[in-house]
Amino acid sequence: MLRIASDAALGATAGQLTFNGGTLQPMATMALAPARPVSLFAAGGSIDTAGFDLTLSGFLAGPGPLNKNSAGTLVLGNGASDTVPNAQTGTITVNGDPWCSTRRMGSWRFRETW
């Protein structure tokens, strides 16, 4: 698990964040740089919000799943992706629209709440 106190802990703001089975955990409510893309390799990745809110505005790409764990909100500000996140607990918001899904829906326009 990689715990970060700020986006600066990930290096240059245009640097890619890559998941291949790992977990990212913010230690405060924060937003990652909008220029920072997120790549998901086959093993995918998890974001454990630990009760905080985390905003990702960079493009999400790759064949792997993105799982969101713990209380708090994962905000996907860009809404552009070729993967669909899966909320285990807490909330995922896409462009201001709260939703969560346990199925790959293939479209950001789908909304399911439970």
* Among the numbered conditions (1) of a type outside the set (A, V, I, L, M, F, W, C); (2) more than 12 Å from the chain's Cα centre (by Cα); (3) surrounded by fewer than 20 Cβ atoms within 10 Å (Cβ to Cβ), tell me where GLY77 comes up short. => (2)
* Leading residue by the ranking (surrounded by the most Cβ atoms within 10 Å (Cβ to Cβ)) among those in the range 1-20 that are in contact (Cβ under 8 Å) with a residue 40 or more places away in the chain and out of contact with any Lys or Arg (no Cβ under 8 Å at 6 or more places or on another chain) -> PHE19
* Structure fact -> The residue that is modelled with the highest pLDDT, considering only those in the range 1-46 that are within 14 Å of the chain's Cα centre (by Cα) and on the phi > 0 side of the Ramachandran plot, is GLY21
* What is the one condition in (1) more than 17 Å from THR91 (Cβ to Cβ); (2) touching a Phe, Trp or Tyr at 6+ places or on another chain (Cβ under 7 Å) that PRO26 does not satisfy? -> (1)
* Within the range 34-44, is there a residue that is touching a strand residue (DSSP E or B) at 6+ places or on another chain (Cβ under 6 Å), aromatic (Phe, Trp, Tyr) and free of Cβ contacts under 8 Å to residues at least 60 places away in the same chain? -> no
* **Matching residues in the range 6-35 - criterion: being assigned to a loop (DSSP other than H, G, I, E, B), farther than 19 Å from THR73 by Cα and either β-branched (Val, Ile, Thr) or in contact with an Asp or Glu (Cβ under 7 Å, 6 or more places away or on another chain) (or both)** => THR13
* Structure fact -> Checked against (1) out of contact with any Asp or Glu (no Cβ under 9 Å at 6 or more places or on another chain); (2) part of a loop (DSSP other than H, G, I, E, B); (3) surrounded by 18 or more Cβ atoms within 10 Å (Cβ to Cβ); (4) of a type outside the set (Asp, Glu), ALA42 satisfies every condition except (3)
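The values are calculated or read from the model by the stated rules, or taken from the named source; none is laboratory data. Here the structure is a predicted model, which means the values were calculated and not measured. Virtual Cβ from ideal backbone geometry, glycine too; neighbours counted across all protein chains shown.
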